[in-house]
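Working notes, beginning with the structure itself.
The values are calculated or read from the model by the stated rules, or taken from the named source; none is laboratory data. Treat the numbers as computed from the prediction; the structure is a model and nothing was measured. All Cβ positions, even for glycine, are placed from backbone atoms using ideal geometry, and neighbour counts span all protein chains on display.
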Amino acid sequence: MDKLSLRQIMMLVVVVGIVGPALVLGYVLLHDRYNQEVELRLRHSVANYAEMLSQALPGPFWAFDHDVGAQVVGSVMKNTEVVSIRIEDGKKEVFVFQEIPGRRVGDLLREQRPIVYANAQIGVVTVEVSAASIKRAILLDFYKMAFSMALQVAVSVGLILLLLERRMVRPMLHLRASAARLASGQLDQEVHWSRPDEFGQLAHDLDTMRKSLHTSLAERDQHNATLEHRVQERTQALQTSNLELSNTLDQLQASQRALVQKEKLASLGALVAGVAHELNTPLGVAVTIGSTFQDQNKQLEEKIASGLTRTDLANFHQRYVTGTGLLVRNLERAATLVARFKQVSADRASEQRRQFKLRDLVEEVIYINAPNFDKTPHKVEMDVPADMEFDSYPGPLGQVITNLIQNAFVHAFEPGVAGVVRLTAYTQGPGNVSIQVHDNGKGIPASDIEHIFDPFFTTTLGQGGSGLGLNIVYNIVTATLGGDVTVSSPCGQGTTFTIVLPTCAPDRRRKLRPT
């Protein structure tokens, strides 16, 4: 159907819609009428013959006049549909019987009538009639009727198709040709169709569209005359704007890198200050012990010169042993602090990849930041398995842990509240470790969660916060360590930062979080 033209579709619809129902309905009606006519004519014919014989035969039959009876029967047998006539008396003895065997074809109908004489039945007449000739006559009549109906349907279909051709197909072909001219750009020729019907209205609308297109194209040509100059001007302006935007973007990226580096240096500076303060105590004790030993040596020299007693020597030895032990312990503490600071600073400065245990790294971070952490009322708890090994970047990971703990100390707790920051780690699937930093503080508002890792986002604007701490965490975790970091803060349950890291960091780094 989709490939047929409108003319073919209309012809098909007319033929199917008129000829089809006419054939079906005509067949049903003619078939019923045919059966009725056959039944009616056959019954009527045999009844007439039987009735006529029952009225004509009583006299000859009573008088046993076979010749007259045979003549009466013979006159009826001249009708081509009569097959046989039998006349019998009450004892079933045949009075007259005539038959034409060649007529015994097709359906046969038999009719009997009594032969009455003086109100008494003296015999029976039986007439057999064949339906073949009657059917032929009826079929001939029906063929004529069917031909008349077919001729009428053909004329009707022809008239309808002619009407559709003149009133629909031709106007549509005309409009199609006009539309093709419009599509090819021939807008000078008018679309004309002077008819008051829908096709005339459509032609009028097409002509209106032609005029509108002609006007629009003329305006377009006029605009095109100056469009190239405008395009060049705007292209130049766009190139200038793009250059300015590129320079601005480079400056912003440079500023971001500088701020990130400044944040790292500030963190390292605070770490150095804390370590220096922490070193001051054991080194001060060592200096004090050294000066004490110097004074005691002078006293010993004086005792030796004046006469050293056994008691003086024992007292000096006791003080020397006590001071030496105290000196060694403080120097060992200072050496441990320096060694751990050296390891942490080397890891952060070089970002070298090496194998390490997560528990050792966390202990180093907590130990080296203890001077700064001890300035707050909060405490840090750790639950990390001792056998959890990484092949990754300990410096960046240590900075991530430091930033998360410091962020909790600064933002998680109300003033005067002693909080707890708990760091836990556990294996999550093959080759992955989940590190959680949880605080029992006031939590993060839902409106801030989606911006928490954005650069320069801070809730302490103007109070010393740069807004880069968590952004640095995000970039290190995703770009350097090859992991993911998420945050959750259920109402009244504090805040939890969850870091999922591969135990073997990837060589390639992912893209940083954009500004």
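Return the residues of segment 116-172 that are in contact with a strand residue (DSSP E or B) (Cβ under 6 Å, 6 or more places away or on another chain) and over 30 Å from PHE97 (Cβ atoms); say none if nothing qualifies.
none
Run VAL153 past the list (1) closer than 30 Å to GLY69 by Cβ; (2) in contact with a Leu (Cβ under 9 Å, 6 or more places away or on another chain); (3) at pLDDT 70 or above and report the number of the one that doesn't hold.
Of (1) closer than 30 Å to GLY69 by Cβ; (2) in contact with a Leu (Cβ under 9 Å, 6 or more places away or on another chain); (3) at pLDDT 70 or above, only one is false for VAL153: (1).
List pairs: first residue in segment 85-108 and among the aromatic types (Phe, Trp, Tyr), second residue outside any loop (DSSP other than H, G, I, E, B) and surrounded by fewer than 16 Cβ atoms within 10 Å (Cβ to Cβ) anywhere in the structure, Cβ distance under 8 angstrom, at least six positions apart or on different chains.
From segment 85-108, the pairs are PHE95/HIS66; PHE95/ASP89.
Given the residues VAL473, VAL417, VAL421, VAL437, which is the only one that is aliphatic (A, V, I, L, M), over 21 Å from GLN493 (Cα atoms) and assigned by TED's automatic domain parsing to the domain that holds ALA505?
Result of the check over VAL473, VAL417, VAL421, VAL437: VAL473.
How many of the residues in segment 133-163 are of a type in the set (Gly, Ala, Ser) and crowded, with 17+ Cβ neighbours inside 10 Å?
1
Which one of the conditions (1) modelled with pLDDT under 70; (2) assigned to a loop (DSSP other than H, G, I, E, B); (3) not small (Gly, Ala, Ser) does GLU190 fail to meet, given that it meets all the rest?
Failed condition: (1).
Just one of the numbered conditions (1) touching a Gly at 6+ places or on another chain (Cβ under 7 Å); (2) closer than 22 Å to LYS375 by Cβ is not true of SER489; which one?
Answer for SER489: the failing condition is (2).
Quickly run through segment 49-63 and pick out the residues that are in contact (Cβ under 8 Å) with a residue 40 or more places away in the chain and part of a helix (DSSP H, G or I).
TYR49, ALA50, GLU51, LEU53, SER54, PRO58, GLY59, PHE61, TRP62
Looking at ALA412, ALA425, ALA418, which one is of a type in the set (A, V, I, L, M, F, W, C) and in contact with an Asp or Glu (Cβ under 6 Å, 6 or more places away or on another chain)?
From the options ALA412, ALA425, ALA418, the qualifying one is ALA412.
Within segment 476-503, track down each residue that is of a type in the set (S, T, N, Q), at pLDDT 90 or above and part of a helix (DSSP H, G or I).
Once the filter is applied, which keeps residues that are of a type in the set (S, T, N, Q), at pLDDT 90 or above and part of a helix (DSSP H, G or I), segment 476-503 yields only THR478.
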